[in-house]
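These notes are about the structure you will find just below.
The values are calculated or read from the model by the stated rules, or taken from the named source; none is laboratory data. Because the structure is a prediction, the values reported are computed rather than measured. Positions of Cβ are generated from backbone atoms using ideal geometry, with glycine treated the same way; all protein chains shown enter the neighbour counts. What goes into the accessible areas is simple: the full protein's heavy atoms, side chains included, and nothing from ligands, DNA or RNA. Shrake-Rupley method; radii C 1.70, N 1.55, O 1.52, S 1.80 Å.
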Amino acid sequence: TAMAGGRGFFRGVGKDGAALGRSLPEILKGLFDFAVPDLYPKLEMGARPLQGKEAEEILKAANLNGLSKVFYAPPDGLDLVVKEGSKVVVNLQAPIIKEVADYLAREHSYGNKVTGRTLEAQFGGIGYGWEGEMMWLVLATLLRGGAVEVTYQGRRYRNHLDPQVRTPFGGTNAFRSASFAPRKAPDLQTLVTAARRYEELTGDEVDVEESAIAQAFQRLARSELEALLPLEA
């Protein structure tokens with residue numbers, strides 16, 4: 001009754017409860033609508049419903065077609081993947097991707113180690129208010145795009161195809177103990193050119209991703225080497 005009949009203040013500006021609604025829930029919503037945008041100006045950038053399995057999804061997917069809605073265009077998605085010609089690729093220019101990548105780059109330039117716990121504190125608090133699962137998703141997407149490397153239990157991961165790399169993205173404690181560092185990925189034009197060269201050499205298609213292209217050329221090199229080596233008696 002006191003709240004409904006009184007005044008709420010935020011940064012020196014008062015709001016009469018009675019002017020915001022007829023019930024306490026309506027009044028509180030009015031106060032939140034007034035204050036939250038100032039307290040969390042970037043909340044909307046990372047506010048999407050998640051199931052908690054999206055990070056594993058992008059790390060395991062053979063290609064980037066048919067992923068959950070959050071990966072694609074707004075309003076349901078975050079523009080994490082986009083179509084580039086006939087290929088679907090990770091979009092390192094997506095607003096939420098750039099926000100986290102810029103923070104990583106800045107902290108790395110200062111010589112600071114960034115862990116999952118650090119990221120949760122930065123992006124889960126005032127200014128952002130993002131869920132922990134959103135951080136898993138963004139970092140997994142950066143890994144898939146070749147823009148970060150992950151260190152977990154003393155081992156460094158750069159390749160999203162390594163099954164062990166999924167562990168830090170599957171639970172709160174594992175994520176918090178992992179550390180993340182920026183990595184300079186080959187630009188998209190370089191990857192497109194490499195994929196095209198592979199297709200010209202073999203006639204097979206390959207995803208426009210650093211790990212997929214590297215593995216494809218490694219398989220090609222092994223097959224060529226085996227063809228050249230004399231058969232053992």
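For the range 112-125, check the following and say yes or no: at least one residue is under 20 Å from ASP207 (Cβ atoms) and either in contact (Cβ under 8 Å) with a residue 60 or more places away in the chain or β-branched (Val, Ile, Thr) (or both).
There is no residue in the range 112-125 that is under 20 Å from ASP207 (Cβ atoms) and either in contact (Cβ under 8 Å) with a residue 60 or more places away in the chain or β-branched (Val, Ile, Thr) (or both).
Test of understanding: among PRO37, PRO41, which residue is open to solvent by 70 Å² or more (accessible area, probe 1.4 Å), at pLDDT 95 or above and of a type outside the set (Lys, Arg)?
Step by step, each of PRO37, PRO41 is checked, and only PRO41 is open to solvent by 70 Å² or more (accessible area, probe 1.4 Å), at pLDDT 95 or above and of a type outside the set (Lys, Arg).
Read through the list (1) at pLDDT 95 or above; (2) surrounded by 17 or more Cβ atoms within 10 Å (Cβ to Cβ); (3) out of contact with any Ser or Thr (no Cβ under 7 Å at 6 or more places or on another chain); (4) not β-branched (Val, Ile, Thr), then give the number of the only condition that LEU80 fails.
Single failed check for LEU80: (3).
Would you mind finding the one in ALA174, ALA227, ALA216 that is over 21 Å from GLU54 (Cα atoms) and open to solvent by less than 30 Å² (accessible area, probe 1.4 Å)?
Of the residues listed, the single one that is over 21 Å from GLU54 (Cα atoms) and open to solvent by less than 30 Å² (accessible area, probe 1.4 Å) is ALA216.
If you go through the range 137-170 one residue at a time, how many are open to solvent by less than 20 Å² (accessible area, probe 1.4 Å) and within 20 Å of GLY52 (Cβ to Cβ)?
Total meeting the criteria: 13.
Taking GLY46 as the residue in question, decide whether it is modelled with pLDDT under 95 and closer than 18 Å to PHE175 by Cβ.
Taking the combined requirement at face value, the residue does not satisfy it.
In the range 10-28, what residues are in a helix (DSSP H, G or I) and surrounded by 14 or more Cβ atoms within 10 Å (Cβ to Cβ)?
Once the filter is applied, which keeps residues that are in a helix (DSSP H, G or I) and surrounded by 14 or more Cβ atoms within 10 Å (Cβ to Cβ), the range 10-28 yields GLY17, LEU20, ILE27, LEU28.
Please go through the range 142-166 and pick out each residue that is in contact with a helix residue (DSSP H, G or I) (Cβ under 6 Å, 6 or more places away or on another chain) and of a type outside the set (A, V, I, L, M, F, W, C).
ARG144, GLY146, TYR152, TYR157, ASN159, HIS160, ARG166
Of all residues in the range 83-94, which are within 13 Å of THR141 (Cα to Cα) and either surrounded by fewer than 19 Cβ atoms within 10 Å (Cβ to Cβ) or in contact with a Cys (Cβ under 9 Å, 6 or more places away or on another chain) (or both)?
Matches in the range 83-94: LEU92, GLN93.
Note down all Cβ pairs under 6 Å where the first residue falls in the range 206-229 and is small (Gly, Ala, Ser), the second is open to solvent by less than 40 Å² (accessible area, probe 1.4 Å) and part of a helix (DSSP H, G or I), and they're at least six residues apart or on different chains.
Qualifying pairs under 6 Å: ALA216/TYR198.
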